[in-house]
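Peer 1: Quick one: the structure is below, questions incoming.
The values are calculated or read from the model by the stated rules, or taken from the named source; none is laboratory data. Since the structure is predicted, the reported quantities are computational estimates derived from the model, not experimental observations. Glycine gets a Cβ as well: all are built from the backbone with ideal geometry, and neighbour counts include every protein chain shown.
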Amino acid sequence: MFHRLWTLIRKELQSLLREPQTRAILIMPVLIQVLLFPFAATLEVTNATIAIYNEDNGKHAVELTQRFARAKAFTHVLLLKSPQEIRPTIDEQKALLVVRFPADFSRNLDTNQTAPLQLLLDGRNSNSAQIAANYLQQIVKSYQQDLLEGKAKPNNSELVVRNWYNPNLDYKWFVVPSLIAMITTIGVMIVTSLSVAREREQGTLDQLLVSPLATWQIFIGKAVPALIVATLQATIVLGIGIWAYQI
């Protein structure tokens with residue numbers, strides 16, 4: 001029984017890998033997807049424009065503005081001169097988000113008081129705006145930690161969210177692992193479809209049905225080669241993810 005099953009599995013693998021066209025269909029789409037998808041199918045924010053309206057002009061507001069400008073997500077910084085410029089900046093999509101420093105921002109920080117700042121996002125690009133807002137939040141938290149160094153921390157509680165996996169929220173770290181599941185699923189369907197279509201074209205499907213093989217053996221004999229090929233495809237994606245993308 002197992003000898004017949006192994007013979008069918010070996011025959012299916014030989015039929016799949018014998019033709020160069022079939023090998024190209026199984027390998028080339030995988031390479032193209034893993035090379036293009038992490039850059040094309042991404043929600044990572046880059047080359048965005050941030051607008052700053054600084055009513056404070058104190059040292060803390062200036063320092064935070066400089067840190068925002070140095071962030072890799074933002075390549076352009078617009079300095080607004082009046083609050084009337086805020087809405088047109090968002091409406092005309094001149095900036096993805098606007099940061100507004102109130103007049104007493106630096107003074108409140110120097111006196112250990114709460115120093116709020118206002119953040120206005122473009123709701124039309126809500127996904128990108130939320131990601132950019134998270135970038136700003138990380139910068140502000142980093143600046144808070146720098147200020148607290150060497151000072152007694154206040155006796156209060158704060159919920160701090162830390163991402164153990166992908167702490168920098170690099171979107172390629174999410175896309176490449178998801179490609180393993182996607183390519184494996186698609187690979188199984190492609191291999192099975194190619195096998196059945198080839199049997200139909202060559203007229204050997206009826207011969208297979210009248211062979212001594214049981215129905216469950218035929219199913220397993222068709223499924224196992226597909227799983228082997230899909231596992232090979234997933235291994236290729238995993239290897240590229242580890243060595244090329246450093247995931």
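Peer 1: Could you check, for the range 187-197, whether at least one of its residues is closer than 30 Å to Ala71 by Cα, at pLDDT 80 or above, touching a helix residue (DSSP H, G or I) at 6+ places or on another chain (Cβ under 8 Å) and part of a helix (DSSP H, G or I)?
Peer 2: No, the range 187-197 contains no residue that is closer than 30 Å to Ala71 by Cα, at pLDDT 80 or above, touching a helix residue (DSSP H, G or I) at 6+ places or on another chain (Cβ under 8 Å) and part of a helix (DSSP H, G or I).
Peer 1: Return the pairs, sorted by first residue and then second, in which the second residue is at pLDDT below 85 and buried (at least 16 other Cβ atoms within 10 Å of the Cβ), the first residue lies in the range 208-229 and is part of a helix (DSSP H, G or I) and among the hydroxyl-bearing types (Ser, Thr, Tyr), the beta carbons are less than 6 Å apart, and the residues are 6+ apart or on different chains.
Peer 2: Within 6 Å, no pair qualifies.
Conditions tested, residue by residue: (1) more than 36 Å from the chain's Cα centre (by Cα); (2) assigned by TED's automatic domain parsing to the domain that holds Leu232; (3) surrounded by fewer than 14 Cβ atoms within 10 Å (Cβ to Cβ).
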site	(1), (2), (3)
Ile9	yes, yes, no
Val30	no, yes, no
Gln33	no, yes, no
Thr114	no, no, yes
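Peer 1: Of the residues that sit in the range 6-54 and are in contact with a Gly (Cβ under 8 Å, 6 or more places away or on another chain) and not charged (D, E, K, R), which one is farthest from Tyr171 (Cα to Cα)?
Peer 2: Among them, the one singled out is Leu8.
Peer 1: Please verify whether the range 40-55 includes one or more residues that are farther than 18 Å from Ser195 by Cα, assigned to a helix (DSSP H, G or I) and at pLDDT below 85.
Peer 2: Scanning the range 40-55, I find at least one residue that is farther than 18 Å from Ser195 by Cα, assigned to a helix (DSSP H, G or I) and at pLDDT below 85, so the answer is yes.
Peer 1: Now a separate question. For the range 144-162, state whether one or more residues are at pLDDT below 75 and either under 21 Å from the mean Cα position of the chain (by Cα) or under 30 Å from Leu26 (Cβ atoms) (or both).
Peer 2: Yes, that holds for at least one residue.
Peer 1: Can you tell me which residues in the range 18-28 are charged (D, E, K, R), in a helix (DSSP H, G or I) and surrounded by 12 or more Cβ atoms within 10 Å (Cβ to Cβ)?
Peer 2: Selection gives Arg23 alone.
Peer 1: Among the residues in the range 122-143, are any at pLDDT 85 or above, over 26 Å from the mean Cα position of the chain (by Cα) and either within 30 Å of Ala234 (Cα to Cα) or surrounded by 13 or more Cβ atoms within 10 Å (Cβ to Cβ) (or both)?
Peer 2: Yes, because at least one residue in the range 122-143 is at pLDDT 85 or above, over 26 Å from the mean Cα position of the chain (by Cα) and either within 30 Å of Ala234 (Cα to Cα) or surrounded by 13 or more Cβ atoms within 10 Å (Cβ to Cβ) (or both).
Table: residues versus (1) aliphatic (A, V, I, L, M); (2) under 19 Å from Asn134 (Cβ atoms); (3) in a helix (DSSP H, G or I); (4) not assigned by TED's automatic domain parsing to the domain that holds Gln233.
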{"residue": "Glu12", "(1), (2), (3), (4)": "no, no, yes, no"}
{"residue": "Leu16", "(1), (2), (3), (4)": "yes, no, yes, no"}
{"residue": "Val62", "(1), (2), (3), (4)": "yes, no, yes, yes"}
{"residue": "Thr75", "(1), (2), (3), (4)": "no, yes, no, yes"}
{"residue": "Arg100", "(1), (2), (3), (4)": "no, yes, no, yes"}
